[in-house]
1. Show me, for the stretch 74-79, the HN-Hα J-couplings you get by feeding each phi into the Karplus relation (A = 6.51, B = -1.76, C = 1.60, θ = phi - 60°), rounded to Hz, glycine and proline as x.
2. Rank the residues 4, 23 as a footprinting-exposure proxy: fewest other Cβ atoms within 10 Å of their Cβ go first.
3. Which of 86, 65, 100 has the fewest other C-beta atoms within 10 Å, and how do the rest follow up to the most?
4. Using alpha-carbon pairs under 8 Å, 6+ residues apart, how would you state the relative contact order of the chain in percent?
5. Measure out, as a whole number of angstrom, how far apart the alpha-carbon centroids of the stretch 33-57 and the stretch 4-25 sit.
6. For the Cα atoms of the chain, what angle does the longest principal axis make with the long axis of helix 92-104, in degrees from 0 to 90, nearest 10?
7. Rounded to the nearest 20 Debye, what is the dipole magnitude of the chain about its Cα centre when Lys and Arg each give +1 and Asp and Glu each give -1 at the C-beta?
8. Amide H neighbours of residue 20 under 5 Å, counting only residues 5+ apart in sequence or on other chains, H built in-plane at 1.01 Å?
Amino acid sequence: METKWNGQACPMCRVGTLHDGIKTITQDYKGHTFTSEIQGAFCNSCDEGFVEFDEAEETAWLDFRDLVDASEAAELARDALSRYERGKKRSVSTVINLFRLIDRHPELLGYLKTG
Ligand SMILES: [Zn+2]
């Protein structure tokens, strides 16, 4: 489907022309890189463009951030849990949070076992 921007002069740089296309973008989140393909009309001169909203792409990005947050939380929880096991610090709420997390993200059990 053609966007309304296809063939228009670029309003950002006023030099280039916008063309429909697909662009691969990478986004960084807490040191993790997410790569996705976005559709839109992009300038052939300045690299700016208008991106079509893509629900699947948006969902993938949110899932990615969720998983990064979850692994980060699992990391913290694993630390807290080992401190708890060694009796240095009682942190019951952390353990409860850990179980909630595993309930939501069963794949995290892999992280815990290997650590
Ligand atoms: Zn431009």
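Read the figures in this text as sums done on the coordinates, not as results from a lab. Owing to the predicted nature of the structure, the values given are computational and were not obtained by experimental measurement. All Cβ positions, glycine included, derive from the backbone under ideal geometry; neighbour counts span all protein chains shown.
1. Residue by residue, the stretch 74-79 yields 5, 4, 4, 5, 5, 4 Hz.
2. If I rank by nearby Cβ atoms, fewest first, I get 4, 23.
3. Neighbour counts put them in this order, fewest first: 86, 100, 65.
4. On the way: 136 pairs, mean separation 18.8, N = 115.
For the chain, the relative contact order is 16 percent.
5. Using only Cα atoms to place each centre, the spacing works out to 10 Å.
6. 50 degrees
7. For the chain, the charge dipole is close to 1020 debye.
8. When sequence neighbours closer than 5 places are left aside, the close amide H contacts are 7, 42.
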